[in-house]
Amino acid sequence: MPPRAAATSAKPKKSAARPSRNPAAEPDLGPLPEWNLADLYHSIEAPEFKRDLDRAEAECVAFEKAYKGRLGELAAGAHAGAALAEPVRRYESIEDLLGRLLSYAMLVYTGNTADPNIAKFYGDVRERITAISLNLLFFALELNRIDDALIERAMTDPALGHYRPWIEDLRKEKPYQLEDRIEQLFHEKSVSGSAAWNRLFDETIAASRFKVNGQELAIEPTLSLLQDPDERNRKAAAEALAVTFRENVRTFSLITNTLAKDKDISDRWRGFSDVADERHLSNRVEREVVDALVSAVQAAYPKLSHRYYALKAKWFGKKRLPHWDRNAPLPEVKMRTIPWPEARETVLSAYGAFSPVMARIAERFFNDRWIDAPVRPGKAPGAFAHPTVPSAHPYVLLNYQGKPRDVMTLAHELGHGVHQVLAAPNGPLMAPTPLTLAETASVFGEMLTFKRLLATTDNPVERKAMLAAKCEDMINTVVRQIAFYSFERRIHTERKSGELTADRIGEIWLEVQNESLGPAIELKPGYEVFWSYIPHFVHSPFYVYAYAFGDCLVNSLYAVYEKADAGFAERYLSMLAAGGTKHHAELLKPFGLDARDPHFWQGGLGVIERLIGELEALDRAG
């Protein structure tokens, strides 16, 4: 298999009711930052970009000419460590340059997927880099063919020993790599295969419009209305989403079927026995650990999501909540808009109370314009933190609309960003962190922010609203993501026997959602197509369990923090700074935690259960 890539590390007829307010009216959020990509390149026409692209091609060609067919000879020589360290360093340098070019193209594109010139630029750059990197493909394959004893001897030299974590990770992929010409074919066809279908999905979603109460909205403002205080707006948004998703469901079904088949072909050729084994390998996590997590969460559905939504339905005076009320704010609780300056101060103060070092790193994202916050037509939906390359710095994309959850999203993505900055000194080959641990820093950032806000809230009504919002976030991160994982497993498994119709995909979606959400949530007509907008199913199959892994891990980690003596923050930052150089068992050992322990997940799930219990107690007291 080719080396692991850097982590680039996870929503009928129109309602006749008219809302009492304009759902598209923009609240006063203050000035929202737009990222400055000039730290990478000044523009898509920048001569520096073309120069670096040409230089990357020349270096790749020269690298192949210098080392292809020679690694075995170098490993057998008297000074094998130093001899092999030189091409590894050159390879690492080229990876940094290619990563810089591709990161810039991707960030420009996500900022405006609707611009045809930018879309062409992005597509052309991907094609060119795919072609260029064919010259590098031999390196990981030949490195893995070196005898174990020879590579172990070579790594006793500190020059090559520095790269031991990367080499050992690479060799775990050895059983699944193919003959060179087949690897070349897989690599080259990815541009017209999975990458093309990914782009079709992105551009279809970005171009989609949803008619809500007579107004045409993009997907982000429409999804945001599902958290609107007015039920008429929530219902109108849900019905508008269903209408547009239905109009595009044949396209989404074709994308899903094609990508599932594409993955099945790859898995069969490589020898993966389970549909999710490739993801587990890239995450450096054992299948048994993931299976234990999934089983624990599914067994806890009645104690978590079923129990919470029954309580929420009671607050709304209903036996069952329609699906558009799942994330609705509590009734009779004023939902205020949080301006950007307040969101910034909230997150930075929470980070600073835990670690001034963490706050200083996070503050750079604001001061140096590493964040793109506004909602714009054509902008990619959702949020992410992209590490780019160690020679540059990360960037964060948001679609900030002033809701409390948007503040938590800011805390989440800045957690990723801090992690990426701390891990960068490990270099392009060892900075990337497996997705399971990549989600740890983000969820921990959310927890710090939530706990700080809760500690400063004495009003019982506001406290109840905050606890409810946190419960919902945790349920969305744990229960919902494991339900997503179960949905993906069923889709990919069934696809082996033939194509799935849109109706069949919808049936599986409803079965999984009903099981996870419980009897207090009523999935109204139209919800059967809500699988179609989830980007992780398209871009990163089986990514989603990493969110549940991270949340449960952080719950346990935070419990250690609350009881720990001085020095926890330093140990935590050291864990983040390790990047991809250590296995999760080694990283968690200083905290007395072990994800391989079958009982480990119960601790994290127990935190959610106790929060629901606190809400029930507040309800009885009220």
Matching entry among D368, D325, D372 (being surrounded by fewer than 17 Cβ atoms within 10 Å (Cβ to Cβ), acidic (D, E) and modelled with pLDDT of 95 or more): D368
Residue that is at pLDDT 95 or above, more than 16 Å from V191 (Cα to Cα) and either within 30 Å of the chain's Cα centre (by Cα) or of a type in the set (S, T, N, Q) (or both), where the choices are L107, L102, L71: L107
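Got a sec? Which of S224, S192 is at pLDDT below 95 and open to solvent by less than 30 Å² (accessible area, probe 1.4 Å)? First the steps, then the outcome.
Working: S192 fails: open to solvent by less than 30 Å² (accessible area, probe 1.4 Å).
Of S224, S192, the one residue that is at pLDDT below 95 and open to solvent by less than 30 Å² (accessible area, probe 1.4 Å) is S224.
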Failed item, numbered, when R284 is tested on (1) within 23 Å of the chain's Cα centre (by Cα); (2) modelled with pLDDT of 95 or more; (3) not β-branched (V, I, T): (2)
Within region 209-221, considering residues that are over 18 Å from T251 (Cβ atoms) and out of contact with any Lys or Arg (no Cβ under 9 Å at 6 or more places or on another chain), the one surrounded by the fewest Cβ atoms within 10 Å (Cβ to Cβ): Q215
Residue among E188, E247, E220, E239 that is of a type outside the set (S, T, N, Q) and closer than 29 Å to R128 by Cβ: E188
Residues (modelled with pLDDT under 95 and not acidic (D, E)) located in region 391-408: Q401, G402, K403, P404, R405, V407, M408
Residue list for region 397-439, filter: among the hydroxyl-bearing types (S, T, Y) and either open to solvent by less than 10 Å² (accessible area, probe 1.4 Å) or not in a loop (DSSP other than H, G, I, E, B) (or both): Y400, T409, T436
Residue check, Q184 surrounded by 16 or more Cβ atoms within 10 Å (Cβ to Cβ) and of a type in the set (S, T, N, Q): no
Test: L605 is over 16 Å from L557 (Cβ atoms) and modelled with pLDDT of 90 or more: no
Among (1) more than 29 Å from R610 (Cβ to Cβ); (2) open to solvent by less than 50 Å² (accessible area, probe 1.4 Å), the one test that A546 misses: (1)
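Is at least one residue of region 562-578 within 20 Å of the chain's Cα centre (by Cα) and open to solvent by 30 Å² or more (accessible area, probe 1.4 Å)?
Scanning region 562-578 turns up at least one residue that is within 20 Å of the chain's Cα centre (by Cα) and open to solvent by 30 Å² or more (accessible area, probe 1.4 Å).
Does A292 meet the test of being surrounded by 17 or more Cβ atoms within 10 Å (Cβ to Cβ), more than 26 Å from G382 (Cβ to Cβ) and touching a strand residue (DSSP E or B) at 6+ places or on another chain (Cβ under 9 Å)?
no
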Helices (runs of 4 or more DSSP H) fully within region 457-526 counting 3 or more residues that are modelled with pLDDT under 95: 460-477
Extreme residue, farthest from the chain's Cα centre (by Cα), among residues of region 480-538 that are open to solvent by 60 Å² or more (accessible area, probe 1.4 Å) and of a type in the set (V, I, T): T501
Any hit, region 262-276, residues being crowded, with 16+ Cβ neighbours inside 10 Å and under 26 Å from D473 (Cα atoms): yes
Checklist (1) buried (at least 24 other Cβ atoms within 10 Å of the Cβ); (2) modelled with pLDDT of 90 or more applied to F450, failing item: (1)
Members of region 423-443 that are small (G, A, S), at negative phi and at pLDDT 95 or above: A423, A424, A431
Residues of region 42-62 satisfying the condition of being assigned to a helix (DSSP H, G or I) and not charged (D, E, K, R): P47, F49, L53, A56, A58, C60, V61, A62
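Here's the yes/no breakdown for (1) at positive phi; (2) buried (at least 19 other Cβ atoms within 10 Å of the Cβ); (3) under 23 Å from the mean Cα position of the chain (by Cα):
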residue: R126; (1), (2), (3): no, yes, yes
residue: L136; (1), (2), (3): no, yes, no
residue: A140; (1), (2), (3): no, yes, no
residue: R145; (1), (2), (3): no, no, no
residue: I151; (1), (2), (3): no, yes, no
residue: R171; (1), (2), (3): no, no, no
residue: E188; (1), (2), (3): no, no, no
residue: A207; (1), (2), (3): no, no, yes
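The values are calculated or read from the model by the stated rules, or taken from the named source; none is laboratory data. In this text the structure is predicted, and so the values were computed from the model without any measurement. Every residue, glycine among them, receives a Cβ derived from its backbone with ideal geometry; neighbour counts consider all protein chains shown. Remember, those area values only see protein heavy atoms, side chains included, never the ligands or the DNA or RNA. Shrake-Rupley method; radii C 1.70, N 1.55, O 1.52, S 1.80 Å.
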